[in-house]
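Laboratory data are not the source of any read-out in this text; all were calculated from the coordinates shown. None of these values were measured; they are calculated from a predicted model. As a convention, Cβ positions derive from the backbone with ideal geometry for all residues, glycine included, and neighbour counts pool all protein chains shown.
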Amino acid sequence: MNSQEMVDLCLKHSLFSWSATGKVDPLPIARAEGVYLYSPEGKRWLDFNSQLMSVNIGHGHPRVIKAIQDQAATLLYAYPGMATEVRARLSKRLAELVPGDLNTFFYTLGGAEANENAIKAARLFTGRHKIIARYRSYHGATHGAISLTGDPRRWPNEPGMNGVVRVMDPQPYSYSFGGNDAEVVANNLRYLEEVIQYEGPKNIAAMIIETVTGTNGILPPPEGYLQGLKALLDRHGILLICDEVMCGWGRTGKLFAFEHGGIVPDIVTMAKGLTSSYMPLGVMAVSDRIANHFRENVFWGGLTYNAHPMCLAAAEAAIEVLIDEKLVENAVRMGEVMRGHMTRLAARHRCVRTHRNIGLFGLIELRKNARNELLVPYNGAHPVMPKVGRFFRDNGLFTLTQGSGIMCNPPLCINEAEMAEAFGVIDGGLGLVDEVYEG
């Protein structure tokens, strides 16, 4: 098909995520390689968001493709109650790589399902019901996961799962509490402990966090927050669930983002970069004490495609590419290159409010005036942002704009020339925002 035929048929016969179909203008993609996407006619876009912060090793890697092909020729599917060689190999490899005593894994088809099963595991293990979640969070679109989500995508899906207690993040949406990291952490944890007392510690099974907040602002935790949070929850017998669906598998310059905080959670969920999105797969990893509980007690979770051999084969190969090609190390190095480009653009464009990145997990945040007000109000819009998105698309760059932010999350294989190419286009887009800056 040509691009127009592809777009027309997709719009006629399919629904698109988080969209009114009549307002969607999808990119027609025929193939992808490395950091680039191509239309049927050969138009090229640099993928500066790794699709959905997920194609960590880059597009079209031959080792992963071959692993999928080999598995397809051997065993396409096995009922979840069966043992397979690829399940045995991948589980052993994950136990070697995931820090601490997170040695046991439940396989799903994506991050939302991993979070759903983390909720089940926490409730079954503790015998408690409530789950604490933060407002600046996204945990998936299924019933329980969207209930845990704090951002406005939750609203049309309410009423949702009961038992969710939402709390403020260390960094609120549009302002700062002020102070250094130690003061911010102390204030937030003092407030959190008060909420725990109001809800009753004996009623709370777990708290779920994105270790580094993703679509709600790319927010690394303040220094000391993860250690303080884990200690607080441990005092009350509350489990810590780290959602690493977006920030895991090298994105932040560590294999897992919680490693930056020097902690080991009780449960970790992952997906996206686990297979580099070559196949759908999610994982819930649990500590030994939780795993031992379920050796004697039923884990009331399951799905037809649990431990699907094709998906496990993709994960096994993608992980080895990530490690063998030192892409985690490249995320550290190129993260510094990214920060340099961001700093340069911030000095050049008055519309830049701030910028931040941890590894190749980054964002440029925009403002509308010298009072440093965010360009886009919470759950709002600004007419310049669609123009910025169109400018990027017309000039060969694919990334997402979210609220007042421009996402900067390229594949971990990106090099300096490709990084410069991307920021050259972003430079032009920021010029459009400068034109509506209110002074």
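So here's what we get for this one:
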{"item": "Radius of gyration, Dmax [the stretch 352-439; alpha carbons; angstrom]", "result": "12.9, 39"}
{"item": "Gaussian network model of the chain, Cα within-10 Å springs - most flexible of 401, 343, 74", "result": "74"}
{"item": "All-pairs Cα distance distribution in the stretch 229-338, expressed in whole percent, bin size 5 Å", "result": "2, 11, 16, 20, 19, 15, 10, 5, 1, 0, 0"}
{"item": "Euclidean distance between Cα centres, the stretch 324-390 to the stretch 114-156, Å", "result": "28"}
{"item": "Lysine pairs within the chain, Cα separation less than 23 Å, 8 or more sequence positions apart or different chains", "result": "22"}
{"item": "Cut-off 14 Å between beta-carbons: net charge of the residues surrounding residue 87, Lys and Arg +1, Asp and Glu -1", "result": "+1"}
{"item": "Residues 169, 434 arranged by fewest to most Cβ contacts within 10 Å", "result": "434, 169"}
{"item": "Most mobile of 58, 424, 110 in a GNM of the chain (Cα contacts under 10 Å)", "result": "424"}
{"item": "In nm, spacing of pseudo-spin labels at residue 14 and residue 293 (7 Å Cα→C-beta vector)", "result": "4.0"}
{"item": "Dimensionless Rg over Rh [the chain; C-alpha; Kirkwood]", "result": "0.96"}
{"item": "Local electrostatic count, residue 298, Cβ distance below 14 Å [Lys/Arg +1, Asp/Glu -1]", "result": "+2"}
{"item": "Low-density loop cleavage sites - trypsin sites (Lys or Arg not before Pro) in the stretch 311-358, where at most 16 other Cβ are within 10 Å (DSSP)", "result": "326, 350"}
{"item": "Separation of alpha-carbon centers, the stretch 72-88 and the stretch 253-290, rounded to whole Å", "result": "22"}
{"item": "Zero-based 5 Å bins, Cα pair distances in the stretch 62-324, whole percents", "result": "1, 6, 13, 18, 19, 17, 12, 7, 4, 2, 1, 0"}
{"item": "Net charge, residue 110 excluded, C-beta distance under 11 Å - Lys, Arg +1, Asp, Glu -1", "result": "-1"}
{"item": "Computed E for residue 23/residue 323 - FRET, C-beta separation, R0 41 angstrom, nearest 0.05", "result": "0.50"}
{"item": "q = 0.26 Å⁻¹: log10 I(q)/I(0) that the Debye formula gives for the stretch 61-152, counting C-alpha atoms only", "result": "-1.29"}
{"item": "Two-decimal ratio, the stretch 172-227, of alpha-carbon radius of gyration to 2.2 N^0.38 Å", "result": "1.25"}
{"item": "Ranked 198, 173, 138, 77, criterion: other C-beta atoms within 10 Å, fewest first", "result": "198, 77, 173, 138"}
{"item": "Kirkwood hydrodynamic radius (C-alpha pairs) into Stokes-Einstein, the stretch 1-79, 20 °C and 1.002 mPa s, D in µm²/s", "result": "144"}
{"item": "Among 82, 246, 338, residue whose mean-square fluctuation peaks in a GNM of the chain (springs only between Cα atoms under 10 Å)", "result": "82"}
{"item": "Spacing of the two label points (7 Å from each Cα toward its C-beta) at residue 187 and residue 300, in nm", "result": "4.2"}
{"item": "Using distinct alpha-carbon pairs, which all enter the 1/r mean, Kirkwood radius of the stretch 279-325 in Å", "result": "12.8"}
{"item": "Projected-area mean, the stretch 92-194, by convex hull of Cα positions, square nanometres", "result": "8.8"}
{"item": "Computed Rg/Rh of the stretch 168-287, alpha carbon atoms with Kirkwood Rh", "result": "0.98"}
